[in-house]
Amino acid sequence: MRFSNRIILGVMLVLSSANVFSADTSVAKGVATQSDADKIARMLKEIEQLKNVNQQVLRQIQRLEKELVSTLPQQKKAPVVSPSEPAPTKQANRVASSKRKDVKVKKTPEASRSVTDLEREVHTAFNQTFSLELGFEYAHFDQSQLVLNGFLALDAIFLGEISIDEIESDILKTSIVGRWGFSDRIQLSLDIPYIYRETTARTGGAELGSRLITETGVDDSNLGDISLGMSYHLIAETKDWPDVVLNLSVTAPTGKEPYGIDLIVDPDGDNTNLQIPDELPTGSGVWSLSTGLSFLTTTDPAILFANIAYTHYFEESFSDLGSTPGALDEPGDIKLGDSIQIGLGIAFAINERTSYSMSFTQRFFNEAEVTPKGGRTQKVIGSDTSVGTFDVGVTYALTDRLSLVTNLGLGLTNDSSDYKFGFRFPYRF
């Protein structure tokens with residue numbers, strides 16, 4: 001009996017030890033689980049802190065980029081697009097790497113070629129000492145008008161001659177432009193154009209018939225009006241102000257004046273309805289002075305530009321204002337109407353060598369005035385015109401110093417050309 005009691009007591013001690021061991025094991029597991037949870041919470045907190053630090057670093061990088069652009073406006077590039085919500089560490093490394101690349105690129109001549117060429121076309125670039133540009137431009141005009149020579153009977157029947165005149169004009173201009181940058185604020189330019197013009201006129205009434213059409217043409221070429229200009233850098237671009245340049249130019253009447261040119265009647269036939277000029281002008285015949293402001297601001301990822309200009313034409317005296325062949329000279333004074341021009345556009349630098357732009361330009365002319373010698377001043381009816389064009393252009397850097405600039409202009413008003421196309425080759429020394 002005493003032996004069995006000892007056995008029972010031993011079994012109870014073994015079971016009690018097992019329970020104590022199991023309890024100790026459970027407590028240890030609970031402590032380990034709580035420790036892992038604290039560690040995970042601490043790691044998540046550190047990750048969140050790193051995210052905040054990363055975002056602060058990115059904001060500092062963007063602020064420094066803006067300050068660098070405003071401090072060195074001559075070397076500004078197209079803006080770098082930065083995400084609005086950057087990712088944690090990889091994105092920070094990517095932005096920092098792109099910034100290091102930008103700093104290296106700006107040290108090379110190709111760094112800002114597209115931006116510099118773009119600024120020279122739509123604004124003014126002051127970061128060169130001398131450049132020479134060879135340009136070609138072709139413009140086409142096509143106008144038709146109904147000519148009535150008679151009167152209406154019973155408000156419905158026209159008695160007289162009816163003819164439709166069609167005039168086509170083609171103008172090819174070759175120009176050489178030199179630009180001198182004397183400082184970081186002043187630039188001078190000289191524009192010397194040479195113009196070739198061809199005009200073809202068609203009208204009915206040949207051999208006193210209504211169905212026969214007469215066509216004749218005239219062409220001429222000569223030096224155009226030479227212009228001398230100066231640009232002054234008023235305000236450098238900052239985050240609050242655009243880049244502002246003051247432009248001033250004077251144009252000399254070196255081309256063939258349009259006054260005193262005889263109108264001849266169908267030199268190749270007997271159509272009295274057709275009159276064409278004996279020669280074609282290549283200039284305005286008067287001195288002019290232009291002044292204006294141009295603006296440019298860099299946004300993300302475009303460049304916005306605008307300009308406004310006013311041109312004053314000085315009154316000039318001429319020995320002959322008539323157009324009748326063999327008639328006595330008709331001296332007098334000519335005062336062309338002043339003009340106001342406004343323009344705005346947008347441009348993009350695609351890469352280091354290529355950029356393109358779109359712009360709209362509108363120019364308004366006042367009426368011209370004619371004062372015959374000994375007579376009174378008369379306004380020329382219909383001389384107040386409006387010329388509007390929409391232009392698209394592409395600029396490509398061929399080499400480190402030579403660029404190709406192309407431009408296509410579409411006429412938007414009756415007084416503007418139907419279209420014009422030009423390309424230029426600016427070379428920087």
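The values are calculated or read from the model by the stated rules, or taken from the named source; none is laboratory data. The shown structure was predicted, so the numbers you read here are calculated from the model rather than taken from an experiment. Cβ atoms come from the backbone with ideal geometry, glycine included; neighbour counts cover every protein chain shown.
Among (1) under 30 Å from LYS239 (Cα atoms); (2) modelled with pLDDT under 90; (3) part of a strand (DSSP E or B), where does ASP300 come up short?
(3)
Filtering the range 320-353 down to residues that are among the polar types (S, T, N, Q) and modelled with pLDDT under 90, which residue is farthest from THR299 (Cα to Cα)? If you could, list the steps in order and put the result at the bottom.
Going through the range 320-353, the residues among the polar types (S, T, N, Q) turn out to be 323-324, 339, 341, 351.
Those left that are additionally modelled with pLDDT under 90: 323-324, 351.
Values: SER323: 54, THR324: 58, ASN351: 16 Å.
Here the residue is THR324.
Table: residues versus (1) assigned by TED's automatic domain parsing to the domain that holds GLN378; (2) surrounded by fewer than 16 Cβ atoms within 10 Å (Cβ to Cβ); (3) not β-branched (Val, Ile, Thr).
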residue	(1), (2), (3)
LEU280	yes, no, yes
VAL286	yes, no, no
THR324	yes, yes, no
GLU330	yes, no, yes
PHE348	yes, yes, yes
ASN351	yes, yes, yes
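In the range 212-262, how many residues are acidic (Asp, Glu) and assigned to a loop (DSSP other than H, G, I, E, B)? Working first, answer last.
Within the range 212-262, the subset acidic (Asp, Glu) is 215, 219-220, 225, 237, 240, 243, 257, 262.
Checking the rest, the ones that are also assigned to a loop (DSSP other than H, G, I, E, B) come to 225, 237, 240, 257, 262.
So the answer is 5.
Does ILE276 satisfy the criteria of being surrounded by 18 or more Cβ atoms within 10 Å (Cβ to Cβ), of a type in the set (A, V, I, L, M) and under 27 Å from GLN362 (Cα atoms)? So that I can check it myself, show each step before the final result.
Numbers: surrounded by 18 or more Cβ atoms within 10 Å (Cβ to Cβ): yes; of a type in the set (A, V, I, L, M): yes; under 27 Å from GLN362 (Cα atoms): no.
Criteria not met by ILE276.
For the range 300-314, what are the residues that are surrounded by 15 or more Cβ atoms within 10 Å (Cβ to Cβ), closer than 25 Å to THR251 by Cβ and touching a Phe, Trp or Tyr at 6+ places or on another chain (Cβ under 8 Å)?
Result: PHE305, ALA306, ASN307, TYR313.
For every residue, the table says whether it meets (1) assigned to a helix (DSSP H, G or I); (2) surrounded by 13 or more Cβ atoms within 10 Å (Cβ to Cβ); (3) modelled with pLDDT under 75.
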{"position": "GLU46", "(1), (2), (3)": "yes, no, no"}
{"position": "ASN52", "(1), (2), (3)": "yes, no, yes"}
{"position": "GLN56", "(1), (2), (3)": "yes, no, yes"}
{"position": "ILE61", "(1), (2), (3)": "yes, yes, no"}
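Pick from ILE346, ILE342: which is in contact with a Leu (Cβ under 6 Å, 6 or more places away or on another chain) and either on the phi < 0 side of the Ramachandran plot or of a type in the set (Ser, Thr, Tyr) (or both)? So that I can check it myself, show each step before the final result.
Values: ILE342 fails: in contact with a Leu (Cβ under 6 Å, 6 or more places away or on another chain).
Going through ILE346, ILE342 in turn, the sole match is ILE346.
Out of the residues in the range 378-389 that are surrounded by fewer than 16 Cβ atoms within 10 Å (Cβ to Cβ) and touching a residue at least 24 places away in the same chain (Cβ under 8 Å), state the one that is farthest from the chain's Cα centre (by Cα).
Filtering the range 378-389 down to residues surrounded by fewer than 16 Cβ atoms within 10 Å (Cβ to Cβ) leaves 378-384, 386.
Now narrow it down to the ones that are touching a residue at least 24 places away in the same chain (Cβ under 8 Å): 383-384, 386.
Working: SER383: 28, ASP384: 26, SER386: 20 Å.
Ranking the qualifying residues of the range 378-389, first place goes to SER383.
Does SER359 meet the test of being in contact with an Asp or Glu (Cβ under 6 Å, 6 or more places away or on another chain), among the polar types (S, T, N, Q) and farther than 18 Å from ALA139 by Cβ? Walk me through how you get there before you give the answer.
Values: in contact with an Asp or Glu (Cβ under 6 Å, 6 or more places away or on another chain): yes; among the polar types (S, T, N, Q): yes; farther than 18 Å from ALA139 by Cβ: no.
So SER359 fails the test.
So SER163 passes all but one of these: (1) modelled with pLDDT under 75; (2) of a type in the set (Gly, Ala, Ser); (3) part of a loop (DSSP other than H, G, I, E, B). Which condition number does it fail?
Only one criterion in (1) modelled with pLDDT under 75; (2) of a type in the set (Gly, Ala, Ser); (3) part of a loop (DSSP other than H, G, I, E, B) is unmet by SER163, namely (3).
Among (1) part of a strand (DSSP E or B); (2) touching a Phe, Trp or Tyr at 6+ places or on another chain (Cβ under 9 Å), which single condition is SER317 missing?
Failed condition: (2).
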